[in-house]
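For reference, the structure is listed below as C-alpha cells.
The values are calculated or read from the model by the stated rules, or taken from the named source; none is laboratory data. Small disclaimer: the values here were computed from a predicted structure and weren't measured. Please note: Cβ atoms are built from the backbone with ideal geometry, for glycine as well, and neighbour counts cover all protein chains shown.
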Amino acid sequence: MVKDDHREMGEKDVVDRVERLHHDAPLTDVHVHPSLKAYLYNRNLWRHYWSGATFDPFSSRSDFEMLEKGGVGVIWAAHYLPERELLDQCPLIRAAAELFVIDSHRLFRGSLFERTVEMIGAMEREIARRPERVELARSAADVVRIREAGKLAVVHTVEGCHVLEGELDNLEVLANLGVAMITPAHFYPNGIASHVDGIPEGMFIKKVCSFEFGAGGGPPLTEFGRALLRRAETLSMIVDVTHCTREAREAIYSEVNRERPLVASHVGVTHLNPDPYNLSDEEIREIAARSGAIGVIFMNYWLDRDHPKDGLESIWKTVEHIHDVSGSWDAVMLGTDFDGFTDPPDDLRDSSSMGRVTGMLLERGVSEPDVAKILGGNAQRVLEAGWR
C-alpha cells in the first residue's frame, strides 16, 4: 500500500491513481541493495531501522517495510560485494568494517565469488521469513505469477564482475542461482572492462581516503570481457553497462547481439551532468534501438551538475530528456540505488517515497499508460526479451 506519505500530492483520487499504477505496472526498482545491509550487518529486512537525511552507510532505505509502504512490486536486487581495494586504501572503511560488519573477516579474505553466493543466500534467507508476502523470481514469467499472487517479486542481479575471479564458469553458477543481470565493471580494474570513477568528489569518504581507482585505465574491453559477454548471451543474462567508461560501453554495444536488450541500471545523462558516468544522447538512442532501457538513479550528484538537495525536479528533467532523445517513454526505468552507500535526495530518502515520483509524472502530464511503462512495464519487457 502507498501510505499517507503521499497525501500531500493532492486529492484522494490522485492517491488512488498512484496506488493503482504501482499495483498494475507493477512498480519496479531495477537497481536496489537490500542484500548489502542484510549480509554485512546480518539485518532482518522485515524491520525498518532508519533512513537518515544524508549519506549514511548504516541506513535502511529499501527494507521490505519501506518497499511495501512505497507500493514497490518488483525489485532487481543488486548483490555487490565491496572490492578489497576499498578496505586496503581507506583505513576508515576498514576500521568501520571491523567494528560494525558481522563476521567482518568475510570481507578481508576468502573467495570473492563464494562471498557473493553467501550474499545471495542472505537475501533468500530474508525472503523465506515471509513467503506469503515475497518470493524469488527465476524467470520473467515468474515475476508475473508472483505479482498476480499479490506478493513482492525479487530478481537477483550482480553488480561488479570482479567477483567472478576470472572464471567464466562462475557466471554459469550465478545463472543457475537465478541471476538475471550482471554489471561487468565497478570501482576498480577487473580485467574485463574499463571503468569510470564511481564515487562523487564531494562525498565525505572521498575527502578522507586516498583512493587509487585507476579509472579509465586498460583496454575498454578485454578478451576475457568479450568471452564474458558471449557466455552471458548463451546463459540469457542481461548486461548492464553502468560504471563502464564511454569507450567500454561502445565496445559492449558493438560486441553484444543487437537482438539482445542492454541496460544502464542506475545512471543520469550527460545533457544535465557531463560526467563520464552518465549516458550521452547517442547512447540513449543506442539502448532504445535495442529495446533496452535506462534506470534513472536517485542521487543528485549524477543527475544534476549543480547537485541540488531535492531530487524530484532532477529526476523529471532526466526522464524527460531520455524521452525526448529516444522519441518515446519505452527506454525509461527507475533504478534508485537505495542502500548502495549512496546519498539520495532529501525529498526521496527511501523506497516509501516512490509515490512522489509517480505523482510528479502525473502532474507533468504523462499519460497513465506511459507512467505505467516508466514504473515497471519497460522493466518487465526487458526481462522477457533478455532473461529467458
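Can Glu114 be described as among the acidic types (Asp, Glu), more than 22 Å from Arg226 (Cα to Cα), assigned to a helix (DSSP H, G or I) and touching a residue at least 60 places away in the same chain (Cβ under 8 Å)? Reasoning before the result, please.
Details: among the acidic types (Asp, Glu): yes; more than 22 Å from Arg226 (Cα to Cα): yes; assigned to a helix (DSSP H, G or I): yes; touching a residue at least 60 places away in the same chain (Cβ under 8 Å): no.
Spelling it out, it is not the case that Glu114 is among the acidic types (Asp, Glu), more than 22 Å from Arg226 (Cα to Cα), assigned to a helix (DSSP H, G or I) and touching a residue at least 60 places away in the same chain (Cβ under 8 Å).
(1) hydroxyl-bearing (Ser, Thr, Tyr); (2) touching a residue at least 60 places away in the same chain (Cβ under 8 Å); (3) surrounded by fewer than 20 Cβ atoms within 10 Å (Cβ to Cβ): which one isn't true of Ser367, the others all being true?
(2)
Name the residue, out of Pro184, Pro189, that is at pLDDT 95 or above, of a type outside the set (Lys, Arg) and over 18 Å from the mean Cα position of the chain (by Cα).
Values: Pro184 fails: over 18 Å from the mean Cα position of the chain (by Cα).
Going through Pro184, Pro189 in turn, the sole match is Pro189.
Since Thr157 meets every condition but one in (1) hydroxyl-bearing (Ser, Thr, Tyr); (2) within 20 Å of the chain's Cα centre (by Cα); (3) not in a strand (DSSP E or B), which condition does it not meet?
Only one criterion is unmet by Thr157, namely (3).
Tell me whether the range 62-83 contains one or more residues that are assigned to a helix (DSSP H, G or I), touching a residue at least 24 places away in the same chain (Cβ under 8 Å) and within 26 Å of Pro184 (Cα to Cα).
Checked the range 62-83: no residue is assigned to a helix (DSSP H, G or I), touching a residue at least 24 places away in the same chain (Cβ under 8 Å) and within 26 Å of Pro184 (Cα to Cα).
Here's the yes/no breakdown for (1) free of Cβ contacts under 8 Å to residues at least 60 places away in the same chain; (2) aliphatic (A, V, I, L, M):
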residue: Ser254; (1), (2): yes, no
residue: Glu259; (1), (2): yes, no
residue: Leu262; (1), (2): yes, yes
residue: Pro274; (1), (2): yes, no
residue: Ile297; (1), (2): no, yes
residue: Gly311; (1), (2): yes, no
residue: Trp316; (1), (2): yes, no
residue: Ser351; (1), (2): no, no
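Can you confirm whether the range 222-245 contains a residue that is within 21 Å of Arg84 (Cα to Cα), at pLDDT below 95 and not basic (Lys, Arg)?
There is no residue in the range 222-245 that is within 21 Å of Arg84 (Cα to Cα), at pLDDT below 95 and not basic (Lys, Arg).
Select from the range 301-329 the residues that are of a type in the set (A, V, I, L, M, F, W, C) and either in contact with an Asp or Glu (Cβ under 9 Å, 6 or more places away or on another chain) or farther than 16 Å from Asp281 by Cα (or both) and list them in ascending order.
The first filter runs over the range 301-329 and keeps only residues of a type in the set (A, V, I, L, M, F, W, C), leaving 302-303, 312, 315-316, 319, 322, 325, 329.
Within the range 301-329, Trp302, Leu312, Ile315, Trp316, Val325, Trp329 meet the criteria.
Which of the residues that make up the range 34-58 are polar (S, T, N, Q) and buried (at least 22 other Cβ atoms within 10 Å of the Cβ)? Let's see the steps before the verdict.
In the first step, residues of the range 34-58 are kept if they are polar (S, T, N, Q); the result is 35, 42, 44, 51, 54.
Listed by number, the list holds a single entry, Ser35.
One line per residue, one yes/no per condition, for (1) crowded, with 22+ Cβ neighbours inside 10 Å; (2) among the β-branched types (Val, Ile, Thr); (3) modelled with pLDDT under 95:
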{"residue": "Arg94", "(1), (2), (3)": "no, no, yes"}
{"residue": "Glu98", "(1), (2), (3)": "no, no, yes"}
{"residue": "Arg106", "(1), (2), (3)": "no, no, yes"}
{"residue": "Arg129", "(1), (2), (3)": "no, no, no"}
{"residue": "Arg138", "(1), (2), (3)": "no, no, no"}
{"residue": "Gly160", "(1), (2), (3)": "yes, no, no"}
{"residue": "Gly166", "(1), (2), (3)": "no, no, no"}
{"residue": "Val173", "(1), (2), (3)": "no, yes, no"}
{"residue": "Gly178", "(1), (2), (3)": "no, no, no"}
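How about the range 225-323: which helices (runs of 4 or more DSSP H) wholly inside it have at least 3 residues that are more than 22 Å from Ala77 (Cα to Cα)? Walk me through it before giving the result.
Details: elements: 246-255, 281-289, 300-303.
Correct list: 246-255, 281-289.
When you go through Leu348, Leu383 one by one, which is the residue that is at pLDDT 95 or above, in contact with a helix residue (DSSP H, G or I) (Cβ under 9 Å, 6 or more places away or on another chain), part of a loop (DSSP other than H, G, I, E, B) and crowded, with 18+ Cβ neighbours inside 10 Å?
Details: Leu383 fails: part of a loop (DSSP other than H, G, I, E, B).
Of the residues listed, the single one that is at pLDDT 95 or above, in contact with a helix residue (DSSP H, G or I) (Cβ under 9 Å, 6 or more places away or on another chain), part of a loop (DSSP other than H, G, I, E, B) and crowded, with 18+ Cβ neighbours inside 10 Å is Leu348.
Do the conditions hold for Leu99, that is, is it among the hydrophobic types (A, V, I, L, M, F, W, C), outside any loop (DSSP other than H, G, I, E, B) and on the phi < 0 side of the Ramachandran plot? Break it down stepwise before answering.
Values: among the hydrophobic types (A, V, I, L, M, F, W, C): yes; outside any loop (DSSP other than H, G, I, E, B): yes; on the phi < 0 side of the Ramachandran plot: yes.
Taking the combined requirement at face value, the residue satisfies it.
Hey, Ala25 hits all of (1) more than 18 Å from Gly376 (Cβ to Cβ); (2) small (Gly, Ala, Ser); (3) at pLDDT 85 or above but one; which does it fall short on?
Failing condition for Ala25: (1).
Check His307 against each of (1) surrounded by 17 or more Cβ atoms within 10 Å (Cβ to Cβ); (2) in contact with a Phe, Trp or Tyr (Cβ under 8 Å, 6 or more places away or on another chain); (3) within 24 Å of Ala185 (Cβ to Cβ) and name the one condition it does not meet.
For His307, the failing item is (1).
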